[in-house]
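The values are calculated or read from the model by the stated rules, or taken from the named source; none is laboratory data. If you're wondering where the values come from, they're calculated on a predicted model, not measured in any experiment. Reconstructed Cβ throughout: ideal geometry from the backbone, glycine too, with neighbour counts over all protein chains shown. Protein only, heavy atoms only, side chains kept; ligands, DNA and RNA dropped before computing areas. Shrake-Rupley method; radii C 1.70, N 1.55, O 1.52, S 1.80 Å.
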Amino acid sequence: MPSPFNVTEFIFLGFSSSQQVQRVCFVIFLLVYAAIVLGNFLLILTVLSSASLGSPMYFFLSCLSLVEICYSSTTVPKLISDLLAERKSISVGGCMAQLFLMHFFGGIEIFLLTVMAYDRYVAICKPLHYTTIMNRQVCAVLVGTASAGGFVHSIAQSLLIFQLPFCGPNVIDHYFCDVLPLLKLACSDTFLIGLLIVANGGTLSVVSFVVLLASYVVILLHLRTRSSEGRRKALSTCASHVTVVTLFFIPCVFIYLRPSATLPVDKLVAVFYTVITPLLNPVIYSLRNAEVKKAVKNLWIRTVKLARDRG
């Protein structure tokens, strides 16, 4: 079967053609990516090393941090290297791999956030049965299901793009390979495929977002019967989840729930769910959670003490 790709590479336009702007962006994104990796890795290490963070909520949080590192790593390192390159190119194979991995980890994040909302619902609305319902086997199954859901979502998006013929031009007005910019370059009618992509990516984002908001509404209604201290603690945890969910889903809905057309603002909007959200996740969950802050402090004290003993 002949390959539908008559081009061997794609060229990114990036954010700006100005060398000065690119150098400034290089420093900013390099620092941000380092903060994403270090912040999320610290959160994972804190959860794994702290006995007080053994509940399912923190297990899911560590899984989310791992996904955030992988998710941002599919686009940000390439963006950083391209900011110093005169020619911002990517091979067709690399483009398809980037497309698949971005939607794979993005899909996992969507399902994992839904799992975390379910965990909070059980913990707040059915506290006496929480340890029974959310046992280790159930948690492992939920994470595995989220991974399988991300794979199905990603493979569907990738197959829709992979069957399109690309015979030129090969310039992508973006900083990474995504479905809508690639649809614009296809030399065939993409109307039906565009609808299928919207049905897959856009509908998944909207349905998940609505389900998440509905679950938190149920939780808030249930909290009316709690004591003021219990209500305050539960609201603090739920507020962190709602903040992360909003920062991730609103840009996704804007990008993927519309006809197959690209807008100049798309690149800036994409920064929110590919860079800003992975950066803010550990900050939001750490600063708004006393147990995490205490565990981070204890981990730091143990690390300093170990370093002194070795020295």
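At a glance:
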| item | result |
| --- | --- |
| Note, ³J(HN,Hα) from phi for the stretch 25-32, Karplus 6.51, -1.76, 1.60, rounded to Hz, x at Gly and Pro | 5, 4, 5, 4, 6, 5, 5, 5 |
| For the stretch 177-191, 3J(HN,Hα) per residue [Karplus equation, 6.51 cos²θ - 1.76 cosθ + 1.60, θ = phi - 60°, Hz, x = Gly/Pro] | 7, 9, 5, 5, x, 6, 4, 5, 8, 5, 9, 7, 6, 10, 4 |
| The stretch 32-104 shape via C-alpha gyration tensor axes, a/c threshold 1.5 | oblate |
| Calculated FRET value between residue 235 and residue 45, using beta carbons and R₀ = 35 Å, to 0.05 | 0.80 |
| Projected area, mean over directions - the chain, Cα convex hull, nm² | 19.4 |
| Cα centroid separation, the stretch 173-232 to the stretch 293-307 (Å) | 38 |
| Nearest-ten-degree value, helix 277-287 long axis tilted from longest Cα axis of the chain | 10 |
| Lys/Arg +1, Asp/Glu -1 at C-beta; the chain dipole; positive extreme among 90, 209, 243 | 243 |
| Part-to-part distance (alpha-carbon centres) for the stretch 120-161 and the stretch 265-290, which is given in Å | 21 |
| Cut-off under 5 Å, modelled amide H: who pairs with residue 171 long-range | 11 |
| Whether the stretch 267-311 is rounded, prolate or oblate, judged on the alpha carbon gyration tensor where a/c under 1.5 counts as rounded | oblate |
| Surface accessible to a 1.4 Å probe, residue 174 within the full protein complex, Å² | 10 |
| Length released on extending from residue 269 to residue 23, taking residue separation times 0.36 nm less the Cα-Cα span | 86.5 nm |
| Paramagnetic label zone (point 7 Å from Cα along Cα-to-C-beta, residue 294; backbone N under 14 Å) in the stretch 42-65 | 50-55 |
| Calculated FRET value between residue 301 and residue 133, using beta carbons and R₀ = 41 Å, to 0.05 | 0.75 |
| Cα long-axis angle, helix 56-73 against the chain (0 to 90 degrees, to the nearest 10) | 20 |
| Cα-based convex hull, the stretch 93-239, per residue volume (Å³, whole number) | 122 |
| Listed peptides 208-215, 18-25 by packing density, highest first (mean Cβ within 10 Å) | 208-215, 18-25 |
| Check: the chain dipole with +1 on Lys, Arg Cβ and -1 on Asp, Glu Cβ, in debye | 1420 |
| Degrees, to the nearest 10: 228-256 long Cα axis against longest axis of the chain | 0 |
| 222 nm mean residue ellipticity, helices alone, for the chain (DSSP H n ≥ 4; -39,500 (n - 2.57); rounded to 500) | -24000 deg cm²/dmol |
| Heavy-atom surface of the stretch 153-249, accessible at 1.4 Å and reported per residue (Å²) | 45 |
| Cα-projected label distance for residue 155 with residue 140, points at 7 Å along beta-carbon direction, nm | 2.3 |
| In the chain, lysine pairs closer than 29 Å at Cα, eight or more apart or cross-chain | 15 |
